[in-house]
Amino acid sequence: MELKSFFDFTKLPTKIFIVISFVTGFFIFSTETLLKKFRFDKLEEYGAYIGIVFLFSTCLIILNLIIWIYNKIDFNIKLKKFKAEIKQTIKDLDHQEQSVIREFFIKGQSSISMPINDDVISGLLDKKILKMNRQINGSTVGYGMTFPLSIDNYVNKIITFEDINFIQNPSEQQKQYILNNRPSWVRDSWRY
């Protein structure tokens with residue numbers, strides 16, 4: 001073990017510094033009678049060291065609190081921005097992308113095997129609209145270029161039928177339009 005890593009205070013948990021701060025604060029701010037009750041009256045000769053440790057640990061706690069608040073605010077800002085981008089991406093889907101998403105509703109499935117070498121599907125993966133399933137130890141399992149994909153959880157919550165031009169009770173003409181505008185890989189799979 002390196003000596004440098006032994007003295008790296010930034011790697012210690014904040015809980016340790018909170019305990020140290022409370023204990024040293026107890027020594028500093030307690031009355032003499034209370035210190036005598038706990039038999040800590042003999043530690044007065046270490047008062048300067050205890051004060052330094054108290055200041056150091058309290059400063060680290062405050063610094064960690066500031067960093068935690070900053071990270072929390074930064075995360076929430078990034079999450080809001082990401083959600084706004086996803087909402088806009090859904091609104092900007094072209095007809096081919098809409099037809100791919102529509103397949104989940106037509107088939108009534110949450111996961112469909114799709115060819116990831118298809119330009120539209122790879123674009124939806126890049127846009128974080130679709131996600132790959134079947135991950136084993138960080139590796140994705142598929143067959144050839146066909147992988148099981150599903151709609152991202154957040155996208156699935158906010159997407160509407162209007163976003164993908166899906167009509168729940170279509171007329172015969174609308175059914176024919178939907179069948180004619182299904183992705184090419186769906187029509188190719190009908191041959192088998």
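The values are calculated or read from the model by the stated rules, or taken from the named source; none is laboratory data. Note that the coordinates shown come from a computational prediction; the quantities given were computed from them, not determined experimentally. In this analysis, Cβ positions are derived from the backbone assuming ideal geometry, glycine residues included, and neighbour counts consider all displayed protein chains.
Some notes on this structure:
- As a summary of the residue check, SER30 satisfies the conditions (1) touching a residue at least 24 places away in the same chain (Cβ under 8 Å); (2) polar (S, T, N, Q); (3) not assigned by TED's automatic domain parsing to the domain that holds ILE158 except for the one numbered (1).
- Selected residue (criterion: farthest from ILE151 (Cα to Cα)) from residues of segment 86-99 that are surrounded by 16 or more Cβ atoms within 10 Å (Cβ to Cβ) and under 25 Å from the mean Cα position of the chain (by Cα): LEU93
This table checks each residue for (1) of a type outside the set (Ser, Thr, Tyr); (2) modelled with pLDDT under 90; (3) in contact with a Lys or Arg (Cβ under 8 Å, 6 or more places away or on another chain); (4) part of a loop (DSSP other than H, G, I, E, B).
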{"site": "THR89", "(1), (2), (3), (4)": "no, no, yes, no"}
{"site": "LEU93", "(1), (2), (3), (4)": "yes, no, no, yes"}
{"site": "ILE121", "(1), (2), (3), (4)": "yes, no, no, no"}
{"site": "LEU125", "(1), (2), (3), (4)": "yes, no, yes, no"}
{"site": "GLN173", "(1), (2), (3), (4)": "yes, yes, no, no"}
{"site": "ILE178", "(1), (2), (3), (4)": "yes, yes, yes, no"}
{"site": "VAL186", "(1), (2), (3), (4)": "yes, yes, no, no"}
{"site": "ARG191", "(1), (2), (3), (4)": "yes, yes, no, yes"}
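- Residue count, segment 19-35 (criterion: charged (D, E, K, R) and either in contact with a strand residue (DSSP E or B) (Cβ under 7 Å, 6 or more places away or on another chain) or within 14 Å of TYR49 (Cα to Cα) (or both)): 0
- Conditions (1) under 20 Å from MET114 (Cα atoms); (2) at pLDDT below 85; (3) within 19 Å of the chain's Cα centre (by Cα): number failed by MET145: (3)
- Tally of residues being of a type in the set (Lys, Arg) and surrounded by 12 or more Cβ atoms within 10 Å (Cβ to Cβ) across segment 15-46: 1
- Pick from segment 155-173, criterion surrounded by 13 or more Cβ atoms within 10 Å (Cβ to Cβ) and polar (S, T, N, Q), ranking: nearest to LEU124 (Cα to Cα): ASN156
Listed here are the residues, each with its yes/no results for (1) outside the structural domain of ILE159 (by TED's automatic domain parsing); (2) part of a helix (DSSP H, G or I); (3) within 34 Å of the chain's Cα centre (by Cα).
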position	(1), (2), (3)
LEU35	yes, yes, no
LYS42	yes, yes, no
GLU45	yes, yes, no
VAL53	yes, yes, no
PHE56	yes, yes, yes
LEU65	yes, yes, yes
LYS81	yes, yes, yes
ARG102	no, yes, yes
SER113	no, no, yes
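- Test: residue in segment 44-59 that is touching a Pro at 6+ places or on another chain (Cβ under 7 Å), of a type in the set (S, T, N, Q) and in contact (Cβ under 8 Å) with a residue 40 or more places away in the chain: no
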